[in-house]
Structure formats: C-alpha cells, structure tokens
Amino acid sequence: QVQLVQSGGGLVQPGGSLRLSCVYSGSMFGIYAMGWYRQAPGKQRELVAVITSGGGTNYADSVKGRFTISRDNAKNTVSLQMNSLKPEDTAVYHCNLRLSNNNNVWGQGTQVTVSS
C-alpha cells in the first residue's frame, strides 16, 4: 500500500553535492523511521542515515558531517543532502521506510557516482 518514488542522483565531481529525495504515498500511519541506504558493488548494503518518527537522526560514521537527512511531512518527503562527496560515496542509494509492524518499504534506487 505504501510506495516510494525516488529522485536525484547522478554524476558529480569529488567535493560536489547532490540531493536525493523520496516521496512516499499511501497510508501515512505506522511509519517508525525513514532512512537512506547505499550499496556499492562487492559491498554490503549500508545504512547511511535515518530519521525517526520523533525527529532524531543518526548517520554512518563515514558520512557524518557531510550528509544531512531531513523530512517534510507536509509533502510526504524524505531527503538526503550530500555534500563534500567522495569517490567512496559511489553507490546505489535507496530510501526506506520502516513501518511500525517491522516491515520495510523500499524506493526503486538511484545511482550516485562521484568521479573526476
């Protein structure tokens, strides 16, 4: 019932910035947390950032100080602002909703490539 549609991503140079957004639709009840994951080839999927229903945020150490997760409840949107991008940030990024019933809803994913 809940669906996610992502936008953003692309190719940027090291030190550049990108903003990813994810719009969710369907039932608005029971969302426990919203987050962004990424997965690079040959690596495990990594939780990059999460924002809870109460507004608290957590970040992976590798992106702390560079990435910011935010939400716009009026627009049913969760975003990830990525600054000071590094080549190691290259990955497919997925937004995710964790529901109160412990189910997860995933966005379709988008490629972020950081290269000179």
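Above 18 Å lies some portion of the pair distances; for the chain, what is it as a whole percent of all C-alpha pairs? The answer is 45 percent, as a whole percent. 3J(HN,Hα) along segment 47-59, derived from phi through the Karplus expression 6.51 cos²θ - 1.76 cosθ + 1.60 where θ = phi - 60°, amounts to 6, 8, 7, 9, 10, 8, 4, x, x, x, 10, 9, 9 Hz, with x in place of Gly and Pro.
When DSSP beta bridges are restricted to pairs lying wholly in the chain, around 95% turn out antiparallel.
Three semi-axes describe the equivalent ellipsoid of segment 31-86; taken as square roots of 5 times the Cα gyration tensor eigenvalues and ordered largest first, they are 21, 13, 10 Å.
The slack between Asn76 and Gln44, meaning 0.36 nm per residue of separation minus the straight C-alpha distance, is 8.7 nm.
Of all aspartates and glutamates in the structure, the ones whose alpha carbon falls short of 19 Å from that of Lys43, not counting any fewer than 8 places away in one chain, are Asp61, Glu88, Asp89.
Quick note: the coordinates plus some simple rules give every number you see, no bench work behind them. Source: prediction; values computed, not measured.
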